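Novice: Next up is a structure, given as structure tokens.
The values are calculated or read from the model by the stated rules, or taken from the named source; none is laboratory data. A quick note: this is a predicted structure, and the numbers were derived from the prediction, not measured. Quick reminder, even Gly has a Cβ in these numbers, built from the backbone with ideal geometry, and neighbours come from all protein chains shown.
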């Protein structure tokens, strides 16, 4: 039996998570696996009521789980980034060490893509983003804060271990895919000389994978080529801060934030899965948020848990509904309620 921690979170989080759990329940009945969930209240509302972000010992409890399913975190009533760092950051960067941020960029239906003449076979990319280092370590601070002489410093931090393990994961990922078997390193080593560690490690680790084609692009060029020729990419490996940007670009070319899922992974250990669209507080409680990203997140979670049949069933159902235009849009203006889209996916699931 799988043990799954559920954090519905803020804004539209509880609404889309509810639909994801609805799909999880149905697919488990069809395929025949069991699970139990434990829901946690952590989020902005909980913080505003109690002053607590997450108890210090909660990670010990999460370690007893198989996966964490997160809705969204963020609320404009709180200090910018406070709750996100206190919950998502604590889970990613703490003892769980979720060093892989895995972002599939896959187009299911041609009409969803804003790029001219691009088809589903042109956009099928896995972005492997380093998830625990870089600017996000928070090393730095302020001098003379609030004065005309203020100085703000934030340090980029890369370790040999951190770079090597994410690069190796990207090569392993490419080896498992039935595609081009190409890994593209995206960096800016020509201008940020500390990123030479990425260039060197990529070359050294790549020698262990003679069957995988190696490619390289600077971040600015990579953004350009993702728009002009997304079919060139198979697996992208990228540092934390550039990965944060390039994967949102990827979400747009696959149709939008309403279908973009992610995994925060440490292989063989409890890992966290979340849609990337954020809490969208202006849409909360209206029942108009598209839950497909949260449903695709369930698919990723099941792949991680070792339930490939169930995961493929979810992907087939979502792709079929989009290609048939039974779901015409993945935005809040689709005309369908959040629960209606969830029901449609459930009804489309087949054994």
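Novice: Out of curiosity, is residue 256 farther than 30 Å from residue 59 by Cβ, surrounded by fewer than 16 Cβ atoms within 10 Å (Cβ to Cβ) and out of contact with any strand residue (DSSP E or B) (no Cβ under 9 Å at 6 or more places or on another chain)?
Specialist: no
Novice: Further, regarding this structure: Where in the stretch 64-180 are the strands (runs of 3 or more DSSP E), entirely inside, with at least 2 residues that are touching a residue at least 40 places away in the same chain (Cβ under 8 Å)?
Specialist: 67-72, 100-106, 124-130
Novice: Taking the criterion of being in contact (Cβ under 8 Å) with a residue 12 or more places away in the chain, assigned by TED's automatic domain parsing to the domain that holds residue 315, surrounded by 13 or more Cβ atoms within 10 Å (Cβ to Cβ) and closer than 30 Å to residue 350 by Cβ, would at least one residue in the stretch 39-53 satisfy it?
Specialist: Yes: the stretch 39-53 contains one or more residues that are in contact (Cβ under 8 Å) with a residue 12 or more places away in the chain, assigned by TED's automatic domain parsing to the domain that holds residue 315, surrounded by 13 or more Cβ atoms within 10 Å (Cβ to Cβ) and closer than 30 Å to residue 350 by Cβ.
Novice: Then there's this: Do you know which residues across the stretch 76-90 are within 29 Å of residue 166 (Cα to Cα) and in contact with a helix residue (DSSP H, G or I) (Cβ under 7 Å, 6 or more places away or on another chain)?
Specialist: 83
Novice: Criterion first (surrounded by 22 or more Cβ atoms within 10 Å (Cβ to Cβ) and within 20 Å of residue 176 (Cα to Cα)) does residue 205 satisfy it?
Specialist: no
Novice: Test residue 27 against the criterion of being over 29 Å from residue 243 (Cβ atoms) and buried (at least 22 other Cβ atoms within 10 Å of the Cβ), and give yes or no.
Specialist: For residue 27, the condition - over 29 Å from residue 243 (Cβ atoms) and buried (at least 22 other Cβ atoms within 10 Å of the Cβ) - is met.
Novice: Can you tell me which of 200, 165, 160 is modelled with pLDDT of 95 or more, within 24 Å of residue 304 (Cα to Cα), assigned by TED's automatic domain parsing to the domain that holds residue 218 and surrounded by fewer than 21 Cβ atoms within 10 Å (Cβ to Cβ)?
Specialist: 165
Novice: Select from the stretch 111-138 the residues that are in contact with a strand residue (DSSP E or B) (Cβ under 7 Å, 6 or more places away or on another chain) and over 21 Å from residue 202 (Cβ atoms) and list them in ascending order.
Specialist: 123, 124
Novice: Sort out which residues of the stretch 63-83 are out of contact with any strand residue (DSSP E or B) (no Cβ under 6 Å at 6 or more places or on another chain) and surrounded by fewer than 22 Cβ atoms within 10 Å (Cβ to Cβ), and write them in order of number. Spell out the reasoning first.
Specialist: Start the filter on the stretch 63-83 by keeping residues that are out of contact with any strand residue (DSSP E or B) (no Cβ under 6 Å at 6 or more places or on another chain), which leaves 63-64, 74-83.
Hits for the stretch 63-83 are 63, 64, 75, 76, 77, 78, 79, 80, 81, 82.
Novice: On the given criteria, is residue 264 touching a helix residue (DSSP H, G or I) at 6+ places or on another chain (Cβ under 7 Å), buried (at least 19 other Cβ atoms within 10 Å of the Cβ), at pLDDT 95 or above and assigned by TED's automatic domain parsing to the domain that holds residue 166?
Specialist: no
Yes/no per residue for (1) over 18 Å from residue 162 (Cβ atoms); (2) touching a helix residue (DSSP H, G or I) at 6+ places or on another chain (Cβ under 7 Å):
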site: 225; (1), (2): yes, yes
site: 231; (1), (2): yes, yes
site: 237; (1), (2): no, yes
site: 254; (1), (2): yes, no
site: 257; (1), (2): yes, yes
site: 271; (1), (2): no, yes
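Each row is one residue, and each column tells you yes or no for (1) surrounded by fewer than 23 Cβ atoms within 10 Å (Cβ to Cβ); (2) at pLDDT 95 or above; (3) under 21 Å from residue 112 (Cβ atoms).
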position	(1), (2), (3)
273	no, yes, no
282	yes, no, no
285	yes, no, no
297	no, yes, yes
306	yes, yes, no
314	no, yes, yes
319	yes, yes, yes
336	yes, no, yes
350	yes, no, no
